[in-house]
Structures are given as structure tokens and as C-alpha cells.
Amino acid sequence: MYIWRVQVATHADVLARFGQALSDPTRARLLLALREGPGYPTELAASLGTSRQSLSNHLTCLRGCGLVVATAEGRRTRYELVAPGLVHALEDLLRLTLAVDPLVCGSTPKECC
């Protein structure tokens, strides 16, 4: 018997988890790839130019954040974004134009904040 632990997140928690997911370039590229539709780990790893092990770790993180769901299909597992609203949120973020101050935030996202 499995016991599912579900935690209801506040709006701030949801944004923090989304921010954590986007804070890594590979996870950001993975979310963008899944925005196009469901994918399988082997194909996703190849298209992102990363190892299968690395991709597995990123998928685990995204599942833990509640952004991605996994569906077993025989011996394979299909991954997809948890809801269509997430596709819209990513597309809205892609339409943003940011004015980054390199004196405050540096030239890469990791140098910021």
C-alpha cells in the first residue's frame, strides 16, 4: 500500500518552487522542451545534449516541485508538464523583456541575487 503525501502550497511557495526550477539552465531548457509536448528521457537527454543520469536528476527535481508528471508506458516513462496553465506561464515569461543591470546582477543568472 502506498501513502501519498500531498502538501498544499501557498502562492509564495508556488513561485519559489517555480523559481528554483528555472534557476538551473538545464531545467529551464527541459521545461521549454516539455512545453512543446510530452517527452521520454532518452530523447530529451539527446535533444538537450545532456547525460541520461543528469536528465533523470533534473526530472526528479521538477517532479518534486510539482511541475512535471510521469506516466509509465510499459517499460518507458513519459514526462509532461503538470497542467496546460504552465505552458501559458512559460510562454508569458518568454515574452518578457528584462533590463538587467550588470553592475548589480552580473552577466550570468548565477551571479544575480
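Across the range 31-42, computed HN-Hα scalar couplings (Karplus, 6.51 cos²θ - 1.76 cosθ + 1.60, θ = phi - 60°) run 4, 5, 5, 6, 4, 6, x, x, x, 10, x, 4 Hz from first to last residue, x flagging Gly and Pro. Amide H contacts for Thr50 (H built 1.01 Å from N in the peptide plane; partners 5 or more residues away or on another chain; cut-off under 5 Å): none found.
Taking the Cα centre of the range 11-111 as origin and assigning +1 to Lys and Arg Cβ atoms and -1 to Asp and Glu Cβ atoms, the resulting dipole is close to 360 debye.
Quick note: the coordinates plus some simple rules give every number you see, no bench work behind them. Keep in mind that this is a model prediction, so the values were computed, not measured. Please note: Cβ atoms are built from the backbone with ideal geometry, for glycine as well, and neighbour counts cover all protein chains shown.
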